[in-house]
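The values are calculated or read from the model by the stated rules, or taken from the named source; none is laboratory data. Here the structure is a predicted model, which is why all the values come from computation and not from measurement. Here the Cβ is made from the backbone with ideal geometry for all residues, glycine too, and neighbour counts use every protein chain on show. Note: accessible area is taken over every heavy atom of the protein model, side chains too, but ligands, DNA and RNA are not part of it. Shrake-Rupley method; radii C 1.70, N 1.55, O 1.52, S 1.80 Å.
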Amino acid sequence: MYNKTVKVCCGTGCLANGSNQVLGALRKEIEAQRLDIEVVPYVKATGCNGLCERGPIVKIEPDDIAYYHVKPEDVVEIVEKTVIKGEEIPRLLYLDVVSKQRIRSHKDSDFIKKQTKIALRNIGEIDPSQIQDYVDAGGYAALRKAVFELSPEDIISEMKASGLRGRGGGGFPTGIKWETCYKIKREPKYIICNGDEGDPGAFMDRSVMEGDPHTVLEGMIIAAVALGVHHGYIYIRDEYGLALENMHKAIEQAKEHHFLGDNILGSEHSFDLEIVRGGGAFVCGESSALMASIEGRVGEPRAKYIRSAEYGLWGQPTVLNNVETWSNIPVIIQNGSSWFNEIGSPQNAGTKVFSLVGKVKNTGLVEVPMGITLEELIFGIGGGITGDKEFKAVQTGGPSGGCIPKELLHLAVDFDTLEAAGSMMGSGGMIVTDERTCMVEFARYYVSFLAEESCGKCVSCREGIRQMLKILTDICEGKGQLQDLDLLTEIAHTVEQASLCGLGKTAPNPVMSTLKYFKDEYLEHITEGRCRAGVCKPLTEFMIDQELCIGCGLCKKGCAPDAIQGSLKQPHVIDQGKCIKCGNCIDRCRFKAVRVR
């Protein structure tokens, strides 16, 4: 008996890289060798502890050895050397991008050890398809406490004292929302989980639903017990196949174990859950549009002069929180509000999960205390900028968030500070850019996304965003005029003021924040006909600095149209007639010899 467990990550990212084949090969090899070892498939968050891009990932416990980029052909060696003999295979260990050292346990890397995991506490550690795994990790203990030890008032009081703010973007105090709903004596009441995550590059909620579905259920059931709710809905994006599968399975298991359904844990409380598959419209992430979608109507927002806690689903009192918010509830009830309140910063208690992507070395999911600085997040955890290029800005808050420049890297990451800087927390998307990012084109990209996703109900949003997109496109194509900048600002203010929902009101953020912090780039496009980042092709011409070029030929090898000429160890030149301005040469040059003219 080796008493070891081999865990194979089966999250979406690792599955895409072939983890199922690795899992099958491991089971076959261990069976062939007749070893008494358990091989456990488990779902890790996409970004698996932030390391999904290095999948498939295999962990051997209790040796605490983790391997990355594992292929089926590595399996025999892993079993013979590591599982049986306890030997490491260096080439498969985690490579720290900063120290260039191989690390036995991923927990020892800066990327992991600088995080504080609450919402993601079980992901990568338990098998989400097995309710017993969740129970063994302390799952449903908070529900027992809520049912048998706390009154509804106690639960709501704990939530208020915890200072938890909704993680879906608005940052509204969760306890106050619950209390508002509780005080309304009108039945029925509803509870909703928002799992419709539409921000490009964001996958926080998907990862929780895939990797730890029972924590979402437990949070919702606790709320149901406190508020006297008997029916709830989980609205999940239709593209999230694995999340849908695991949430369905978790609901069935919770019912079998009497955590859900009639007479929960033998008490008088009854609560049932139903999953609704979202149609993929970005606007359905907005709470009132989401409720309209559940009701079978077109997913369009309504004016929120009355909050959903009073007038929500079918006009009844409704509490809606997103996946990450619900996953915090069991821990708060179990450990107490004081424990939670001590984490984070004033008025911003607890942690926040971010999807850290873009031009950063370590990409994936990170969970950090509120109040951490952008610099610590991007450089301390993210490892800095890929290719050691210069950091330019970070975009937070999803497509309708704002861009924060390098001069503000010292800013604390919390709801209030980001908003004051012209951006927002959003659901947790964080996209890092470098010197090769054109901020005008960056804003144009997001405005283009928003133009496609606007539901069209408000004229200001529908037409205003289209006009901003047209102006930005003109600027990127070299057709911009100076007065366009004033017009952009005027339209942006109109869209912000006149739009009905939060998505419309925040849609101008990409434009306003880039105009605020990167106006010089707009002016360069308009007055000099130049894109310093070399992204806008009509405004770009690449050239090679003859003094810096050593003639290594790397740029030439990567030039598809064969536009670069030159002999080995001699300065090269670009034939402008052949150049298609793809930028491959400037990205490949290690000596910064390729420049934008």
> If the Cβ limit is 8 Å and pairs must be 6+ apart or interchain, which residue in the range 294-310 that is of a type outside the set (A, V, I, L, M) pairs with which residue that is loosely packed, with under 15 Cβ neighbours inside 10 Å and in a helix (DSSP H, G or I)?
Replying inline: E295/W314
>> Is it the case, given these coordinates, that C585 is in contact (Cβ under 8 Å) with a residue 12 or more places away in the chain and buried (at least 21 other Cβ atoms within 10 Å of the Cβ)?
In response: yes
> Which numbered condition trips up S157, out of (1) of a type in the set (G, A, S); (2) closer than 16 Å to Q334 by Cα; (3) at pLDDT below 95?
Replying inline: (3)
> Failed condition for H230, given (1) touching a helix residue (DSSP H, G or I) at 6+ places or on another chain (Cβ under 8 Å); (2) open to solvent by 10 Å² or more (accessible area, probe 1.4 Å); (3) modelled with pLDDT under 95, with all others met?
Replying inline: (3)
> Taking V216 and the conditions (1) surrounded by 24 or more Cβ atoms within 10 Å (Cβ to Cβ); (2) under 30 Å from P56 (Cβ atoms); (3) of a type outside the set (F, W, Y); (4) at pLDDT below 95, which numbered condition does it fall short on, given that it satisfies the others?
Replying inline: (4)
>> Can you list residue pairs whose Cβ atoms sit under 7 Å apart, with the first residue in the range 357-384 being touching a residue at least 40 places away in the same chain (Cβ under 8 Å) and on the phi > 0 side of the Ramachandran plot and the second being small (G, A, S) and crowded, with 21+ Cβ neighbours inside 10 Å? Count only pairs 6 or more apart in sequence or on different chains.
In response: G364/G47; G364/G50; G371/G344
> For the range 430-438, does any single residue satisfy the condition of being within 23 Å of K519 (Cβ to Cβ), assigned to a loop (DSSP other than H, G, I, E, B) and under 21 Å from the mean Cα position of the chain (by Cα)?
Replying inline: yes
> Does G201 fit the bill of being open to solvent by 10 Å² or more (accessible area, probe 1.4 Å), under 15 Å from S129 (Cα atoms), modelled with pLDDT under 95 and of a type outside the set (A, V, I, L, M)?
Replying inline: no
>> Quick check on the range 488-496. Is at least one of its residues over 24 Å from C284 (Cβ atoms), assigned to a helix (DSSP H, G or I) and of a type in the set (D, E, K, R)?
In response: yes
> So how many residues does the range 91-120 have that are farther than 11 Å from I60 by Cβ and open to solvent by 80 Å² or more (accessible area, probe 1.4 Å)?
Replying inline: 8
> Would a scan of the range 478-485 turn up a residue that is of a type outside the set (D, E, K, R), assigned to a loop (DSSP other than H, G, I, E, B) and farther than 26 Å from C531 by Cα?
Replying inline: no
> Only one of G278, G371 is farther than 17 Å from F172 by Cβ, within 21 Å of the chain's Cα centre (by Cα) and buried (at least 22 other Cβ atoms within 10 Å of the Cβ); which?
Replying inline: G278
>> I need the full set of residues from the range 449-464 which are in a loop (DSSP other than H, G, I, E, B) and either more than 17 Å from G285 (Cβ to Cβ) or of a type outside the set (A, V, I, L, M, F, W, C) (or both), in order please.
In response: S454, G456, K457
>> Exactly one condition in (1) part of a helix (DSSP H, G or I); (2) in contact with a helix residue (DSSP H, G or I) (Cβ under 7 Å, 6 or more places away or on another chain); (3) farther than 24 Å from S270 by Cβ is false for S129; which is it?
In response: (1)
>> Condition first: surrounded by fewer than 19 Cβ atoms within 10 Å (Cβ to Cβ), polar (S, T, N, Q) and not in a strand (DSSP E or B). Can you find one or more residues in the range 386-408 that meet it?
In response: yes
> Restricting the search to the range 555-578, which residues are of a type in the set (A, V, I, L, M, F, W, C) and surrounded by fewer than 18 Cβ atoms within 10 Å (Cβ to Cβ)?
Replying inline: A560, L568, V573
> For the range 311-320, which residues satisfy the criterion of being within 18 Å of L500 (Cβ to Cβ), in contact (Cβ under 8 Å) with a residue 60 or more places away in the chain and out of contact with any Leu (no Cβ under 9 Å at 6 or more places or on another chain)?
Replying inline: none
> How many residues does the range 281-330 contain that are of a type in the set (D, E, K, R) and not in a loop (DSSP other than H, G, I, E, B)?
Replying inline: 1
